[in-house]
1. For LYS14, which lysines qualify as cross-link partners when the Cα separation must be under 20 Å and same-chain residues fewer than eight apart are set aside?
2. TRP77 to ARG12: extension gain in nm, 0.36 nm per residue of separation minus the Cα-Cα distance?
3. Nearest 500 deg cm²/dmol is fine: what mean residue ellipticity at 222 nm does the chain get from its DSSP H runs of n ≥ 4 alone, each adding -39,500 (n - 2.57), divided by its residue count?
4. What does the net charge come to around SER152 if you take all other residues with beta carbon closer than 14 Å to its beta carbon, with K and R at +1 and D and E at -1?
5. When the convex hull of the Cα atoms of the range 91-164 is projected onto a plane and the area is averaged over all directions, what value comes out in nm²?
6. Around ILE162, with a cut-off of 15 angstrom between Cβ atoms, what is the net charge of the other residues, counting Lys and Arg +1 and Asp and Glu -1?
7. Obtain the radius of gyration and the Kirkwood radius of the chain from its C-alpha atoms and give Rg over Rh.
8. Just tell me which lysines come within less than 21 Å, Cα to Cα, of LYS89; anything on the same chain fewer than 8 places away is out.
Amino acid sequence: MDLIYNQRQIPRDKWRYGLRSSAATGCGWIATWNALQLLGCKTDINELIRYYEWQLPLIHGNAGTSFWGPAACFKHWGFPVEVCADRRKFDALASRSDVSILFYHWHRGCKLGAHFIALHRTPDGFVSYNTYRSSTGPDNLGHSLQAHIQSSGWFGCVLMGIRKKQ
């Protein structure tokens, strides 16, 4: 399984997303890629990027991926998807899903941003991929996704629970 643990380690000229590097704005397609890998599905990275670039005409990935983008993709591909914006329900949704994608906002001082991560539940808690700038492998978020989100100060969160095709 070829998971991407840290988008910042992608060379700037590899896998461009619009006019920008995937290291800067690629977290949406990367979360989708990681979720597909965790589901045991294969796809081509360049085709996945092209799919997302044309999802928002004129923007083409230059401003990242829309918060609804991964849910629309997985639904289009025939996966059962459940979308939730109530953090109190995240633990239950992520637990009954085969894989999830979390979209969240963050801030540090005057800087504001948004990010996507793929995650799934294991016996040791929730494990996520491409979570932090310092990630070098899977990140353990603990046994409560809601508690981790709160302690991290993330806000404006949307969780997409994805199940394998029947």
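1. Counting by Cα, and skipping residues close in sequence, LYS14 has these lysines nearby: LYS42.
2. On the way: separation 65, 0.36 × 65 = 23.40 nm, distance 2.92 nm.
My answer for the length gained is 20.5 nm.
3. Working: 6 runs with 48 residues, N = 166.
One gets -8000 deg cm²/dmol as the mean residue ellipticity at 222 nm.
4. Details: positive: ARG87, ARG108, ARG133; negative: ASP139.
Net of charged neighbours comes to +2.
5. On the way: hull surface 19.8 nm².
Projected area, direction-averaged: 5.0 nm².
6. Values: positive: LYS75, ARG96, ARG121, ARG163, LYS164, LYS165; negative: GLU82, ASP98.
Computed value for this residue: +4.
7. Numbers: Rg = 14.8 Å, Rh = 15.8 Å.
Taking Rg over the Kirkwood Rh, I get 0.93.
8. LYS75, LYS164
No lab work stands behind these numbers, since they all come straight from the coordinates. Fair warning: this is a prediction, and the values are worked out from it, not measured in the lab. Every residue, glycine as well, gets a Cβ built from its backbone with ideal geometry; the counts of neighbours run over all protein chains shown.
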